[in-house]
1. Report the Cα centroid-to-centroid distance between the stretch 46-111 and the stretch 468-516 in angstrom, as an integer.
2. Tally Lys and Arg at +1 and Asp and Glu at -1 over the other residues with C-beta under 13 Å from the C-beta of residue 162: what net charge comes out?
3. Farthest toward the dipole's positive end in the chain, which of 350, 411, 525, given Cβ charges of +1 (Lys, Arg) and -1 (Asp, Glu) about the Cα centre?
4. Divide by every residue of the chain the summed helix terms, -39500 (n - 2.57) for each DSSP H run of at least 4, and state the resulting mean residue ellipticity at 222 nm, rounded to the nearest 500 deg cm²/dmol.
5. Would you mind counting up the charge near residue 258? Only other residues with Cβ under 13 Å from its Cβ, with Lys and Arg at +1 and Asp and Glu at -1.
6. Keeping every protein chain present and rolling a 1.4 Å probe, give me the accessible area per residue for the chain in Å².
7. List, in the order given, every pair from 192/437; 258/284; 437/516; 307/430; 284/482 whose Cα-Cα distance in the structure shown is over 21 Å.
8. In whole Å, what is the distance between the alpha-carbon centres of the stretch 344-375 and the stretch 217-293?
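The values are calculated or read from the model by the stated rules, or taken from the named source; none is laboratory data. Worth saying up front: this structure is predicted, and the values here are computed from it rather than measured. Don't worry about glycine lacking a Cβ; one is built from the backbone with ideal geometry, like all the others, and counts go over all protein chains shown. Keep in mind that these areas ignore ligands, DNA and RNA; they rest on the heavy atoms of the full protein, side chains included. Shrake-Rupley method; radii C 1.70, N 1.55, O 1.52, S 1.80 Å.
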Amino acid sequence: MTQLLEADSFWELLECRVEASGDQLMLVDDTDRRLTFAEFRDEAERVAAGLFNLGITEGTPVSWQLPTRIETVILSFALSRLGAVQNPIIHIYRHREVGFCINETKAAVMFHSGVWGDFDYEQMCDDIFYGDIVFKAGMTAPPALINGYKNLPTGDPTTLPPSFASSPTPPAHTSLAIRWKYYTSGTTADPKGVCHTDASLIAGGTGLAKALNMTADDVGSIAFPYAHIGGPDYMVTMLASGFGSVLMERFVPAEAVKLYRKHGVTMAGGSTAFYSMFCAEDKKATETTNNHAVPTLRVLSGGGAPKPPEVYYEVREQMGIPVAHGYGMTECPMISQGSPDDTDEQLANTDGKPVFGCEVSITDADGNNVDTGTEGEIRVAGSMLFAGYTNPDLDAFDDQGRFRTGDLGIIRPDGHLVLTGRLKDIIIRKGENISAKEIEDVLYTLPNVAAVAVIGLADPERGERVCAVIESATDTEPLTLKAMVDACETAGLARQKIPEQLEIYPGPLPRNATLKILKHELRDVYG
């Protein structure tokens, strides 16, 4: 692994893996299409030649909005072969966000997925660039629109120039060797463009690979959007460790466990909601067949949303395997990660240790480091840190070059990181700071709660009042206010932390592409 992780670019990392184990399976999908590492490299080179014939070269800005499938991964690596500047766009983005991303990156080419998931992405692009919707300010010409779902352009690899080699990770605030631009979703404001190099994304994936201890005998899975920052993270882990993965375009729990069982998947996951869904499928299987849904599974892993301890113990009890949960964000893909070697207590109650190469500080409001075990803002530095935002007016670095995450946490004496909430998620009730996560962890233990979001709502007497919004578990009676209060009192929550308002949400709570609950939408509904 050490030699592989010394690669400076995604293409070099792929070449190193091909040299080490080119005949090993790399990708398999739900149609049973299979590619070894060597076959994947050869196909990516053919596509790179086709892209080169279209005029895409080093530095060409290219956007793509494609689902999780083999062609998407091939396209991404073909663009890396050429040194293009990639702008992956999450599939849930629509006219406003897509127009903004393409306009700001000045994309020369946009790969869309045609009609997919009951939505016409090609028509959306036509609307943006040729219709009445105006997102074209500052663009010299609209991008070339290509349906990249199946028929990627191909050519003769012998016509390609020498492969691109990435520069070392640049310091923060510079734009040297930027090869990736990811956009975090905006609410009322425009999305924020996050700039990465190949080297910074490889560093993030390296941290994940070292924490998870995967080997070439493992079989992974990618059911989350590959356009998410977790896509290259996971790909680096695969290339570094030499294992292959099963791809799913759309995650349907029952279909996922069937596919994973067929291919002997050993690691699955995605985020907290995925853990609960796998657990539910496993319960169905054990009740009907007395066997686990995916007998080969040895660990669930993921991130993107808080993991209540109760979810960990439900998985451990039902499935007999651990959950290795991690913490990262678009600006710093990996910050901490649980390991299968950690204890149950550590895995249940923390988000793992800081990953290899990531420096984590817990600070007070002035940026001074606080003592071990003291809550403060999480600030990070290291080679996986992004190089800055596309908008130079945005800045989240302190005077020591550390990125201010906006998250609150504690470093325990054992070195593990505990996330305690968001600076913006602190509810101030009658002058007292209240952590939403502390209350959510209590409510997650109740059998009639499938998901919960605790939010602060404006209140003339209290400043903010505490409101719990509940997604009810299937086949259960809705939670009552009295039962909620009783549970909070039994758990020992201070009186001022107990929600005074309870709302039962009519359906699944609103979530983003990584299934993180969108609290701002709930504040709009109940505020």
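1. That distance is 41 Å.
2. Details: positive: 81; negative: 12, 15, 45, 58.
Every neighbour counted, the sum reads -3.
3. Most positive-ward Cα: 525.
4. Values: 14 runs with 162 residues, N = 527.
Result for the chain, helices only: -9500 deg cm²/dmol.
5. Values: positive: 261, 262, 284; negative: 30, 32, 255, 281, 282.
Every neighbour counted, the sum reads -2.
6. Working: 21560 Å² over 527 residues.
Computed with neighbouring chains in place, this is 41 Å² per residue.
7. Numbers: 192/437 25 Å; 258/284 13 Å; 437/516 13 Å; 307/430 29 Å; 284/482 31 Å.
Over 21 Å apart, Cα to Cα: 192/437; 307/430; 284/482.
8. So the two Cα centres are separated by 29 Å.
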